[in-house]
1. In sequence order, what are the phi-derived ³J(HN,Hα) couplings for region 258-264 according to the Karplus relation 6.51 cos²θ - 1.76 cosθ + 1.60 with θ = phi - 60°, rounded to whole Hz, with x for glycine and proline?
2. For each pair in K74/K116; K71/K352; K414/K442, compute the distance between the two Cα atoms and list the pairs where it is over 30 Å.
3. Place +1 on the Cβ of every Lys and Arg and -1 on the Cβ of every Asp and Glu in region 354-398, take the dipole about the Cα centre, and give the residue among L366, F384, L398 whose Cα lies farthest towards its positive end.
Amino acid sequence: MANLLSSGTQTSYYNNQNRYGEYQFISMAEVINNFTATYVGAGKLLDNTLRSDISFHAYRALQELSFDTLKSCKSQEIEVPPSLTMPLPHDYVNYVKLSWSDASGIKHVIYPTLSKTSNPKAIQQNTDGDYEVTAVGSLAVGSLDVVLDGSYPEIYTGMLITGQDLFSGRDYFVTHTSTVSDVTTITMDAVPLSTITQTLSFNPPKIGGAKPISNQLVSAVHLEGVTWTAPDHRIQAASAEDAAKVTVGMIASHEDFPIGTKVVDIQGTVITLDNDSTAVSATSDNINFVNYSDDSDTWSKYKSHTPSENNTNDYQDYENDIYWPNEGRRYGLDPQHAQVNGSYYIDCHAGKIHFSSNLSGKTVILDYISDHVGTHEETMLHKFAEEAMYKWIAYGCLSAKINIPEYIVKRYKKERFAETRKAKIRLSNIKLEEITQILRGKSKQIKH
C-alpha cells in the first residue's frame with residue numbers, strides 16, 4: 001500500500017506544493033499491482049488473467065466511479081466575453097453547476113434554461129423559402145465553367161452541385177468561383193453530361209467527414225487582382241483598402257486553397273490564411289471571401305435581449321421597486337426565473353456554453369465532472385473507494401471469462417454494489433457537528 005515514506009520524506013512533501021494532499025489518493029499502478037498480487041495466480045480467484053485485462057477494467061471502473069461516486073474537484077473560471085460564450089473544457093463529461101462570483105468572492109448559482117431556448121442549426125433560405133442556394137447556370141459539354149445569371153457571393157469552393165438529369169452516379173462540387181461585372185462564374189470538378197441552361201442547387205460541403213460549414217451567410221467580399229505563390233499561406237491584395245474589407249475568420253473560396261481555408265491575420269495588403277496554396281506557380285486571380293455563422297437567430301435574440309429573469313413582471317414591484325412585495329403580485333411566478341443571477345444553456349453541437357446578457361464581464365465558475373483519465377496526474381483513486389475498485393475489477397474480469405459459475409459472478413456483482421455504496425457514503429463527507437450547527441441555525445431543538 002502507498003504511504004508517505006514510500007514517496008519521500010515529510011520534508012520533501014512540505015517543500016513541494018504539488019504533493020499537498022496526495023496521501024489520500026492511491027495511483028492506478030498501485031491498484032493494479034495490489035489487485036494482481038491478491039486475486040491473480042494459481043489457486044486464486046482469477047487464474048491466467050492477463051494484466052492488460054486487469055488494466056482495462058481498472059480504468060473503466062475509474063471512469064464509472066467518477067460519474068456519481070468519486071468527488072469531482074474539477075473547475076474552471078473565466079470572465080464572460082462579449083460573445084457570451086464559453087468553450088467546454090477538453091475533458092468535460094457533464095456539469096455540476098455554473099455560478100458567478102461577486103466582489104466578495106461569493107458564488108451565485110446560475111440557472112439553466114435548456115428547455116426555453118437553444119442555438120439550432122441555421123439554414124440559409126432563398127426568396128422562395130427553399131433550403132438550398134439556387135441559381136440559373138449555362139452549361140456546356142466539355143467545359144468545366146458555368147456562367148450563372150447574377151452575382152452569388154454565397155456560393156463558395158466545395159459546395160455540392162445538383163441539377164436535373166445532369167449528374168447521375170456521382171457528386172459534383174465547386175472548385176472555383178469568380179465574379180466579374182456582377183456575374184459569377186463557377187468551375188466544377190467534372191464536365192456536365194449535356195448542354196443546357198437550368199436551375200442548379202448548391203449545398204454546404206463537409207470538411208474531412210466532419211459537420212458541414214454553416215449555411216447561414218453573414219457577409220461576402222470579392223477581391224480582384226489578388227496574387228499568391230506556392231507553397232505559401234499568404235496572399236497579396238491589390239491595395240490595403242481591399243485587404244481591409246476582409247475580416248479574420250472568413251473562408252477563402254478558391255481552387256488553389258483547401259476547402260474551409262480561413263483568414264487568420266490581415267496586415268496591410270497581406271492576408272494570411274491557415275492553409276498553404278496548392279498552386280504550382282505564381283497566381284493572379286480574383287477570389288471570394290465568405291463569412292458563415294453557426295449562430296442562429298434564436299441565439300442572437302437571446303443574447304441581445306434583457307434576460308427574462310430581469311423582467312419587471314417577473315420579480316419587481318411596479319410602485320416600490322422591491323424584490324419581495326407583499327401584495328400577492330408574485331403569485332404563480334415560475335421559481336426558476338425568480339432570481340437575478342442570470343441563466344445559460346449548453347450547445348452540445350458547438351461545444352459551447354451560452355450565457356444571458358446580464359452575465360457579460362462577470363467571473364463565471366464551471367464545476368464539472370470528468371472521467372479521471374484525461375491526464376496521467378488525474379489517474380488517482382481516493383482511498384475511500386479503493387475496495388470498491390477491487391470489486392469492480394474482479395467483477396469485470398469474472399464476467400468476461402467463460403466457465404465461471406454464475407453464483408460467483410453474482411456474488412461479486414453484489415459485493416461491487418455494496419462497496420460502491422459504502423464508498424459513496426464515505427466520500428459524501430457528512431459531519432455530525434456540521435449538521436448540528438445548521439439545525440441550530442434553523443432554530444431546531446437538539447438533544448445532546
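Each reported figure results from applying straightforward, stated rules to the coordinates on display, with no laboratory input. Owing to the predicted nature of the structure, the values given are computational and were not obtained by experimental measurement. Because the Cβ atoms are built from the backbone with ideal geometry, glycine has one as well, and the counts that use them run over all protein chains shown.
1. So the Karplus estimates, Gly and Pro as x, are x, 4, x, 4, 10, 7, 10 Hz.
2. Cα-Cα > 30 Å for K414/K442; rest within.
3. L366
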